[in-house]
Amino acid sequence: MPQWRLLPYDKGDAFYNMAVDDAVACCVNDNLSPPTLRFYGWLLPSVSIGAFQGIDSIDLQWCTRRAVDVVRRPTGGRAVVHDDELTYSFTANFENGFTKSVLNNHKMVNAVFYRSLRQLGLDVDFTEGRLNRSGLLLNALCFAATSYGEVSAGGKKVIGAAQRRYANGFLEQGSIPLSVDRELIAGALKVNDTRDILAGLTQLSDDIDISGIIDTVVGCFEESFGVTLRPAALTPEEDRLVQQLLLKYRSEQWTRRR
């Protein structure tokens with residue numbers, strides 16, 4: 001049975017988290033590392049913005065006053081406010097059913113998370129088409145954007161994900177809120193009401209915890225793709241790349257480039 005890698009849950013600051021995901025994706029793309037599933041959290045409330053998103057959509061002064069880190073992701077999409085959540089990244093080459101189609105890969109990965117949440121007893125839906133949110137003005141917020149293959153509950157997103165395609169593979173980053181700090185979102189993204197947009201998993205069940213989600217997702221990944229996920233650390237090459245990429249993700253030039 002093929003072996004993929006599991007990077008166990010840990011917490012880092014916004015810049016370290018992005019540097020690790022980027023470094024791992026580069027090494028998987030170069031066939032130096034196996035397909036990798038990573039889970040992590042955030043040391044401080046943070047905002048990640050899409051690789052091509054305008055910085056003007058973020059209230060940088062508000063974030064500075066509240067000690068909220070702002071980082072630009074390697075993946076596309078819109079802004080995500082990270083706080084009480086489980087974050088994941090998955091990197092693979094174009095094999096095992098994955099292709100150069102962003103939509104195909106997104107649906108394959110999200111389908112695993114959908115099955116995992118259903119297995120945990122959560123009443124979630126897997127949307128093949130687009131959800132109708134035409135009246136919303138929250139253009140900066142990832143969870144306000146419509147997409148195919150998204151996981152939702154009662155019309156509200158419970159997972160926000162974005163992707164980047166490399167020459168030989170892809171990186172998908174995803175956010176699974178446990179609870180939602182609507183004041184934090186409103187202040188950081190200059191929006192008003194998010195009640196009709198996103199939901200935290202603890203709104204759906206009182207029995208949700210990070211370790212339970214991780215264990216269930218790992219099992220569903222192994223079953224869905226016919227692999228074994230082996231816990232392992234970063235390789236020396238990935239560690240070296242992380243240190244290089246930290247300079248990029250901490251730089252104002254990268255964060256404010258659009």
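Here's the yes/no breakdown for (1) modelled with pLDDT under 90; (2) of a type in the set (A, V, I, L, M, F, W, C); (3) within 15 Å of His82 (Cβ to Cβ):
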| site | (1), (2), (3) |
| --- | --- |
| Ala153 | yes, yes, no |
| Pro177 | no, no, yes |
| Gly200 | no, no, yes |
| Thr235 | no, no, no |
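The residues of region 151-170 that are farther than 19 Å from Gln203 by Cβ and either more than 15 Å from the chain's Cα centre (by Cα) or of a type in the set (Lys, Arg) (or both), listed by number, are Arg164, Arg165, Tyr166, Ala167, Asn168, Gly169. Filter region 62-111 for residues that are part of a loop (DSSP other than H, G, I, E, B) and of a type in the set (Val, Ile, Thr); which is surrounded by the most Cβ atoms within 10 Å (Cβ to Cβ)? Only one residue fits best here, namely Thr75.
Any residue at all in region 155-174 that's modelled with pLDDT of 90 or more, surrounded by 22 or more Cβ atoms within 10 Å (Cβ to Cβ), among the polar types (S, T, N, Q) and under 27 Å from Ala23 (Cα atoms)? Yes, some residue in region 155-174 is modelled with pLDDT of 90 or more, surrounded by 22 or more Cβ atoms within 10 Å (Cβ to Cβ), among the polar types (S, T, N, Q) and under 27 Å from Ala23 (Cα atoms). Pairs linking a residue in region 242-258 that is among the β-branched types (Val, Ile, Thr) to a residue that is at pLDDT 95 or above and not in a loop (DSSP other than H, G, I, E, B), with Cβ atoms under 6 Å and 6 or more positions apart or on different chains, are Val242/Ala19; Val242/Val20; Val242/Ala23; Thr255/Arg72. All conditions but one from (1) in contact with a Phe, Trp or Tyr (Cβ under 6 Å, 6 or more places away or on another chain); (2) under 30 Å from Pro34 (Cα atoms) apply to Ser175; the one that does not is (1).
Looking at region 241-254, is at least one residue more than 18 Å from the chain's Cα centre (by Cα) and farther than 30 Å from Trp62 by Cα? Yes - at least one qualifying residue is present in region 241-254. Scan region 240-254 for residues that are among the hydrophobic types (A, V, I, L, M, F, W, C) and more than 14 Å from Ala25 (Cβ to Cβ) and the total you get is 3. Put simply, of Thr99, Thr64, Thr75 the only residue that is of a type outside the set (Lys, Arg), within 18 Å of Thr255 (Cα to Cα) and free of Cβ contacts under 8 Å to residues at least 12 places away in the same chain is Thr64.
Looking only at region 25-61, which residues are surrounded by 18 or more Cβ atoms within 10 Å (Cβ to Cβ), out of contact with any helix residue (DSSP H, G or I) (no Cβ under 7 Å at 6 or more places or on another chain) and part of a helix (DSSP H, G or I)? The answer is Ala25, Val28, Asn29. Apart from one condition, Ala19 fits all of (1) touching a Gly at 6+ places or on another chain (Cβ under 9 Å); (2) hydrophobic (A, V, I, L, M, F, W, C); (3) part of a helix (DSSP H, G or I); (4) under 25 Å from Ser116 (Cβ atoms); the exception is (4).
Only one of the numbered conditions (1) at pLDDT below 95; (2) surrounded by 14 or more Cβ atoms within 10 Å (Cβ to Cβ); (3) closer than 30 Å to Asn31 by Cβ is violated by Arg257, and that is (2).
The values are calculated or read from the model by the stated rules, or taken from the named source; none is laboratory data. These figures come from a predicted structure and were not determined experimentally. Cβ coordinates were reconstructed from backbone atoms using ideal geometry, including for glycine residues, and neighbour counts include every protein chain displayed.
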